[in-house]
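Undergrad: The structure's right below; bear with me while I get my questions together.
The values are calculated or read from the model by the stated rules, or taken from the named source; none is laboratory data. As the structure is a computational prediction, the values presented were derived from the model and not from experiment. Glycine gets a Cβ as well: all are built from the backbone with ideal geometry, and neighbour counts include every protein chain shown.
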Amino acid sequence: MENNKTLNVAEKVKAVAIAFIGAGIFSQGTFYFKAQSSYNIPRILYPVFSLLGNVGLAVAMVILGLGLAFWGFNKWKNAAGKPGVFLSIAIASFAIFFSILFFTGKKATPEELAKASEESRAKGIEKIQSAEQPDFDNPEIDAHFAAFEKLLTEYKTAYKNKNKHEIIAKESAYMEWNENSADLIQKLSSPEQKQQFGLYLAKLSMKWQEVK
């Protein structure tokens, strides 16, 4: 029993580390849709940058970042971790990375960004919470945001009724919705739109977490 508990703790630490790295890669990737003077490129994505340039790198980093976050989430659940606790950690991680990138413009590595102050984290959360739903004149994206609001309402109802089956179903649907977000961001026409989209996604993640 004690060995299992120790193993679960170790797996949870790994899960948080994976998600934190994913948050850093995702956040930085949203800034690379616009050409930069220099880039912090994950080693495995060097071929992507060489072939497709900064936009290809940005798309790859967004997808990779989300993928790592989902991987971390799955490891956390498999270690008997509570989804709500993980989401709180993930949201804080995204807030830290976005705050540093937005307010300092620093092209830092994930290790450097990890040293961000509590003040920067608070500013990042404030920036996310004040984000408005972007209007891209894109029916598909409008429908995507509307689907979130519908799903959020159903999720709140499931929690209110303490319906565990429905709660699990809605959490699964939310994960699929997030995966679709990665596809939609590629369809936006400008770096500014993609940054707005990423910031608003972070706000919606916070709204989802508030249900718990």
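Undergrad: Return yes when Val16 is closer than 28 Å to Ile168 by Cα, over 12 Å from the mean Cα position of the chain (by Cα) and of a type in the set (Val, Ile, Thr) and no when it is not.
TA: For Val16, the condition - closer than 28 Å to Ile168 by Cα, over 12 Å from the mean Cα position of the chain (by Cα) and of a type in the set (Val, Ile, Thr) - is met.
Undergrad: Tell me yes or no: at least one residue of the range 43-52 is closer than 19 Å to Phe97 by Cα and modelled with pLDDT of 80 or more.
TA: no
Undergrad: Which is within 16 Å of Pro83 (Cβ to Cβ) and outside any loop (DSSP other than H, G, I, E, B), of Ser181, Ser172?
TA: Sole residue among the options that is within 16 Å of Pro83 (Cβ to Cβ) and outside any loop (DSSP other than H, G, I, E, B): Ser172.
Undergrad: Still on this structure, please answer the following. Would you check which residues across the range 139-161 are farther than 16 Å from Gln209 by Cα and either part of a helix (DSSP H, G or I) or modelled with pLDDT under 90 (or both) and list them?
TA: Initially, the range 139-161 is screened for residues farther than 16 Å from Gln209 by Cα, giving 139-147, 161.
Those that are farther than 16 Å from Gln209 by Cα and either part of a helix (DSSP H, G or I) or modelled with pLDDT under 90 (or both): Pro139, Glu140, Ile141, Asp142, Ala143, His144, Phe145, Ala146, Ala147.
Undergrad: Now a separate question. I need the full set of residues from the range 184-212 which are under 14 Å from the mean Cα position of the chain (by Cα) and more than 16 Å from Ser27 (Cα to Cα), in order please. Before you say what the answer is, go through the steps one by one.
TA: Let us first name the residues in the range 184-212 that are under 14 Å from the mean Cα position of the chain (by Cα), namely 185, 194-209.
Lys207, Trp208, Gln209 - these are the residues of the range 184-212 that are under 14 Å from the mean Cα position of the chain (by Cα) and more than 16 Å from Ser27 (Cα to Cα).
Undergrad: Looking for whichever is surrounded by fewer than 20 Cβ atoms within 10 Å (Cβ to Cβ), modelled with pLDDT under 80, closer than 27 Å to Lys187 by Cα and small (Gly, Ala, Ser) here; the options are Ala90, Ala35, Ala95, Ala10. Which one fits?
TA: Exactly one residue qualifies, and that residue is Ala35.
Undergrad: Could you grab me the full set of residues in the range 42-62 that are within 18 Å of Lys194 (Cβ to Cβ) and surrounded by fewer than 21 Cβ atoms within 10 Å (Cβ to Cβ)?
TA: Passing the criteria: Leu45, Val48, Phe49, Leu52, Gly53, Asn54, Val55, Gly56, Val59.
Undergrad: Can you tell me which residues in the range 27-49 are among the β-branched types (Val, Ile, Thr) and part of a loop (DSSP other than H, G, I, E, B)?
TA: Residue satisfying the conditions is Ile41 alone.
Undergrad: Turning to a different aspect of this structure: Any chance you could count how many residues in the range 194-208 are in contact (Cβ under 8 Å) with a residue 40 or more places away in the chain and within 20 Å of Ile89 (Cα to Cα)? Full working, then the answer.
TA: First, pick out the residues of the range 194-208 that are in contact (Cβ under 8 Å) with a residue 40 or more places away in the chain: 194-200, 202-208.
Pick out the ones that are also within 20 Å of Ile89 (Cα to Cα) and you get 198-200, 202-208.
Total meeting the criteria: 10.
Conditions (1) buried (at least 19 other Cβ atoms within 10 Å of the Cβ); (2) under 17 Å from Ser88 (Cα atoms), marked per residue:
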position	(1), (2)
Lys160	no, no
Ala169	no, no
Ile185	yes, no
Glu192	no, no
Glu210	no, yes
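Matching residues to (1) under 18 Å from Phe94 (Cβ atoms); (2) in a loop (DSSP other than H, G, I, E, B); (3) touching a residue at least 60 places away in the same chain (Cβ under 8 Å):
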site	(1), (2), (3)
Asn8	no, no, yes
Phe20	yes, no, yes
Ile25	yes, no, yes
Leu51	no, no, no
Ile63	yes, no, yes
Leu68	yes, no, no
